[in-house]
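The values are calculated or read from the model by the stated rules, or taken from the named source; none is laboratory data. Since the structure is predicted, the reported quantities are computational estimates derived from the model, not experimental observations. Positions of Cβ are generated from backbone atoms using ideal geometry, with glycine treated the same way; all protein chains shown enter the neighbour counts. SASA here: full protein model, heavy atoms, side chains in, ligands and nucleic acids out. Shrake-Rupley method; radii C 1.70, N 1.55, O 1.52, S 1.80 Å.
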Amino acid sequence: LMVRLALTRTRMRAKVRNRAVYSFMGLGILAFWSVPFDPLTGLYDELNAGVEMFFISGITTVTAAVWTVMYNADLLLRALTAVAGRAGRLRPVLVTAVAYPMSAKFRTGLTLAMFALVIFTLIVISILTEAFTTAVADADAVTAGWDIEGTVNVNTPIRDMRRAIDEHPDLLLEDFQAIGGFTMIPVEALQPDAENQRWRTYVVRAADDAFLRATEGRLKLIAGGYGETDEELWHALLEDPTLAVVDSLVVPSRSGFGNSEVPFQMEGVFYEDETMSPIDLEVREPRTGQTVRVKVVGVLDRLTDGFGNFGLGMFVSRGQLEEAAPFPIPTTTYRFKVAEGVDAARAARSIEAAFQEHGMETEVLAELLEDSAAANRAFNYLFTGYMGLGLLVGIAALGVVSLRAVVERRQQIGVLRSIGYRRRMVQLSFLLESSFIFLLGVGIGVGLGTVIAYNIVDDIRDNVESIRFSIPWVRIGVIVAVAYLFSLATTYMPARQASRIYPAEALRYE
């Protein structure tokens, strides 16, 4: 605005001056909010923000885009006129259809913003749903290579699972490539050198040696001196019972992703770091009050355990914890890797039937992963459906506006008919008018929604490396096609009514 004030002292025409200044405002805001946040850190150092910034950026970019389009409406009209000049008879219809909404910029701008915001939201949700679906598609990464999980009653544990399977007449030990187990123990945790010196609830997964040998859990961070690969670190836990590997939910993220999901949060390390130093933790058994010290030397990848859906807590060797517990720690959770050619679902049913007296309940982890992904997709589809319903209501409102426009523009329609416009031309003009507003809103919503969704996926990729940006063209095409056909349907009756007005009757109307 100060630049606009300075330009008033020049010989620049007011129309050109306003166009330059207001277009600069819209394009500048649009560019600032459309670029990823990473390039801005070099200018503003560390930016502290959460997911709410993406909502703000969406509203801001749509507003800036509509602002820019409305202040350059005459240029858009000229461009369409030049394109329609090659269409012969279509030119007067198209020019009339575009000129009227551009003459009422405020009303057209609000309608355009409404369509653009709804389409924008639908596009972002569709792309993010597709991205997270592909992120958890790698079942081996989520399940750490295990095929079946079985849980038994703590009061009727199985002392030796391999021996029990070997001795059971309905089971074959050769069907299982690996068998391991752990016990989830609720504890309290404290980081001695942290600023927050309060005991917080946490969970320890006390794993047996067979589990630590066979697990393929991927690690995001490994402390120096404890191995270069995931296998080396898991082997280190076998040799030293004081070492621990924590899940990703207790390690804070610089972007705030998942920082409040569990009460206990570690300090001195971030999930985005490339390296980490060993961190000492104190773990207290709440019933006895006995405390043991463990050294955290690794952090699980976020994808492992399915963002906490397949388990929560730190992994330690059970040796040290058995000394702190008031009673021997029984194994309550078993993981099985089936041999090649063995059906996991059939093996799970056989295990559950064989150890029914122990309260055995089994689940195929791949099926559990698919059920979890299906539930997330169902929620997103439900949300998308409600947004789509809102879009259809907005389109119906556009039909009401079109019906009102027939009454308001009776004299204009009469003039058009008297200078040679036929009924079909008047009807087509109204249809093109609503199509112009809708398609322009769709273009803004799809374009900006794709850009913002890419920025979200790019930001999340720092925490979830397997996530990939993917555009579901079929779903987006269906959304746009259904909405456009509905917009034509709601505008058809007002357009047909307008085309049936006689010129003499319209010219007498006041």
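Exactly one residue out of L27, L47, L43 is modelled with pLDDT under 75, over 30 Å from V93 (Cβ atoms), open to solvent by 60 Å² or more (accessible area, probe 1.4 Å) and in contact with a helix residue (DSSP H, G or I) (Cβ under 7 Å, 6 or more places away or on another chain), and it is L47. So is D170 in a loop (DSSP other than H, G, I, E, B) and of a type in the set (D, E) or not? In short, yes. Of all the listed residues (I471, I479, I467), the sole one being open to solvent by less than 20 Å² (accessible area, probe 1.4 Å) and either under 23 Å from Y386 (Cα atoms) or under 18 Å from the mean Cα position of the chain (by Cα) (or both) is I467.
For segment 154-191, the set of residues classified as open to solvent by 40 Å² or more (accessible area, probe 1.4 Å), within 30 Å of V294 (Cα to Cα) and touching a strand residue (DSSP E or B) at 6+ places or on another chain (Cβ under 9 Å) consists of V154, R162, M184, P186, E188, listed by residue number. Reported count of residues in segment 178-187, each being at pLDDT 90 or above and in contact with an Asp or Glu (Cβ under 8 Å, 6 or more places away or on another chain), is 3. Considering (1) surrounded by fewer than 19 Cβ atoms within 10 Å (Cβ to Cβ); (2) more than 34 Å from the chain's Cα centre (by Cα), the lone condition that L243 does not fulfil carries the number (1). Every listed requirement among (1) over 24 Å from the mean Cα position of the chain (by Cα); (2) in contact (Cβ under 8 Å) with a residue 40 or more places away in the chain is met by W234 save one, (2).
Contact map, segment 193-211: residues that are on the phi < 0 side of the Ramachandran plot and surrounded by fewer than 19 Cβ atoms within 10 Å (Cβ to Cβ) paired with residues that are assigned to a strand (DSSP E or B) and of a type in the set (K, R), Cβ distance under 9 Å, separation 6+ or inter-chain. Pairs shown: W199/R284.
When F438, F430 are checked against the criterion of being buried (at least 21 other Cβ atoms within 10 Å of the Cβ), among the hydrophobic types (A, V, I, L, M, F, W, C) and at pLDDT 80 or above, F438 stands alone in meeting it. Restricting segment 332-352 to residues that are of a type in the set (S, T, Y) and closer than 30 Å to P186 by Cβ, the residue that is surrounded by the fewest Cβ atoms within 10 Å (Cβ to Cβ) is T333.
In segment 280-296, is there at least one residue being assigned to a helix (DSSP H, G or I), under 18 Å from L237 (Cα atoms), at pLDDT below 90 and not polar (S, T, N, Q)? It would help to see each step written out before you state the result.
First, the residues of segment 280-296 that are assigned to a helix (DSSP H, G or I): none.
Taking every residue of segment 280-296 in turn, none turns out to be assigned to a helix (DSSP H, G or I), under 18 Å from L237 (Cα atoms), at pLDDT below 90 and not polar (S, T, N, Q).
If I filter segment 476-499 down to residues being touching a Phe, Trp or Tyr at 6+ places or on another chain (Cβ under 6 Å) and among the aliphatic types (A, V, I, L, M), which single residue comes out as farthest from L431 (Cα to Cα)? Ranking the qualifying residues of segment 476-499, first place goes to A498. Before we move on, is P263 open to solvent by 10 Å² or more (accessible area, probe 1.4 Å), within 21 Å of R302 (Cβ to Cβ) and out of contact with any strand residue (DSSP E or B) (no Cβ under 9 Å at 6 or more places or on another chain)? No: the conditions fail for P263.
So if I check each of L1, L80, which one is loosely packed, with under 11 Cβ neighbours inside 10 Å, closer than 23 Å to A113 by Cβ and either modelled with pLDDT of 80 or more or more than 35 Å from the chain's Cα centre (by Cα) (or both)? Explain how you work it out, then say what you get.
Values: L80 fails: loosely packed, with under 11 Cβ neighbours inside 10 Å.
Step by step, each of L1, L80 is checked, and only L1 is loosely packed, with under 11 Cβ neighbours inside 10 Å, closer than 23 Å to A113 by Cβ and either modelled with pLDDT of 80 or more or more than 35 Å from the chain's Cα centre (by Cα) (or both).
For segment 97-123, name all the residues that are touching a Phe, Trp or Tyr at 6+ places or on another chain (Cβ under 8 Å) and farther than 12 Å from V66 by Cα. Residues satisfying the conditions are A97, V98, P101.
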